[in-house]
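Reading through the structure tokens given below for one structure.
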């Protein structure tokens, strides 16, 4: 958009939305990042062969066409530093080196991500980046890294805001656009400062577990993490997102209905959609969840509004998200173990009650008709109904 056009738009009092901006003007991660990360399924068992296979599977499965971009290696790719202080990939598991692997991922039309830590060691006790921030950033840029997940283990008395500002400055100094994923677990409330230090997404909680809700409070379930998103919605937007952690969809600890709920809620939250399953061997129902284009479109809506909980009655909840076209996406969540009727009024989602609006079921891909003032649906146990409401 030219300077003259910008002035004209401002004079007319119009909102310049992200979709109107040129590629150069749009921020990094203008919509929530979509991709795959190795940790949830494979932990430390990573290798260049695995990453190449995941890149191939992302393309072959149709996930790339559905919008997934990033292939991210999590912890355990690095083993030491050489005499000059350069970070060294494990020669046994990454014999071709990281640049060759990044080149391969790029050749598949995807982007490449890597992991490090703000402390002296990573969570898996590999070398961290403390004291080597600019050196590591230069190495990542030379390798062709597009995304850095930066963890918070073994940080002692470090200040989180300063540590993440430092790595952002180091990444920027390379001249390569690199998405910064702040993985500080929400301890220092990064939603308050993450945007200011140049973070593109920041973890809001501890690690997710592959379970509907915590059974022993030692590991967070999906619903435990969901509850912690209430009240921080206003901090998210284009280029800077609240991150409730990666997806567990397809890893085996939840039912298909629970995974559908998980994906629906992360989508309405405008959360990064970072798959964590084995893309080479997906059941059809898991593939259909991860590639539902109407649900993904909710997550990727360019307005960048994060959905919020607008109604709660015990185990029954309603979550709503404003869309750029003026419509609303609504998730009816049944946390109970029996089937329930859940409803909401237009006023719950910011419409006048007299309005007539069309309702579409996004999982069934079917228009349900015109409704006035309210809508309700029967929701299976541990499940959701996800609809779009359009006047």
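For region 161-182, the tally of residues that are out of contact with any helix residue (DSSP H, G or I) (no Cβ under 7 Å at 6 or more places or on another chain), touching a residue at least 40 places away in the same chain (Cβ under 8 Å) and in a helix (DSSP H, G or I) stands at 2. When region 277-295 is filtered for residues that are under 21 Å from residue 383 (Cβ atoms), surrounded by 21 or more Cβ atoms within 10 Å (Cβ to Cβ) and touching a strand residue (DSSP E or B) at 6+ places or on another chain (Cβ under 9 Å), the ones remaining, listed by number, are 277, 290, 295.
Residues in region 102-126 that are within 15 Å of residue 150 (Cα to Cα) and in a loop (DSSP other than H, G, I, E, B): 118, 119, 120, 122, 123, 124, 125, 126.
Checking every residue in region 343-353 against the condition of being in a loop (DSSP other than H, G, I, E, B) and within 25 Å of the chain's Cα centre (by Cα) gives zero matches. Residues of region 204-219 that are over 17 Å from the mean Cα position of the chain (by Cα) and either exposed (fewer than 15 other Cβ atoms within 10 Å of the Cβ) or closer than 16 Å to residue 246 by Cβ (or both): 211, 215, 216, 217, 218, 219. Looking across region 187-197 at every residue that is in contact with a strand residue (DSSP E or B) (Cβ under 6 Å, 6 or more places away or on another chain) and assigned to a loop (DSSP other than H, G, I, E, B), the one that is surrounded by the most Cβ atoms within 10 Å (Cβ to Cβ) is identified as 194. So is residue 129 under 24 Å from the mean Cα position of the chain (by Cα), crowded, with 18+ Cβ neighbours inside 10 Å and assigned to a strand (DSSP E or B) or not? No, not satisfied. Condition (residue is in the same structural domain as residue 224 (by TED's automatic domain parsing), touching a residue at least 40 places away in the same chain (Cβ under 8 Å) and more than 18 Å from the chain's Cα centre (by Cα)) applied to region 280-293: is it met by at least one residue? Taking every residue of region 280-293 in turn, at least one turns out to be in the same structural domain as residue 224 (by TED's automatic domain parsing), touching a residue at least 40 places away in the same chain (Cβ under 8 Å) and more than 18 Å from the chain's Cα centre (by Cα). Quick check on residue 88: is it outside any loop (DSSP other than H, G, I, E, B), farther than 24 Å from residue 285 by Cβ and either more than 25 Å from the chain's Cα centre (by Cα) or not assigned by TED's automatic domain parsing to the domain that holds residue 178 (or both)? So residue 88 passes the test. Is one or more of the residues making up region 331-345 closer than 18 Å to residue 295 by Cβ, surrounded by fewer than 20 Cβ atoms within 10 Å (Cβ to Cβ) and modelled with pLDDT of 95 or more? Among the residues of region 331-345, not one is closer than 18 Å to residue 295 by Cβ, surrounded by fewer than 20 Cβ atoms within 10 Å (Cβ to Cβ) and modelled with pLDDT of 95 or more, which makes the answer no.
The values are calculated or read from the model by the stated rules, or taken from the named source; none is laboratory data. It should be emphasised that the depicted structure is a prediction, and the values quoted were computed from it without experimental measurement. Positions of Cβ are generated from backbone atoms using ideal geometry, with glycine treated the same way; all protein chains shown enter the neighbour counts.
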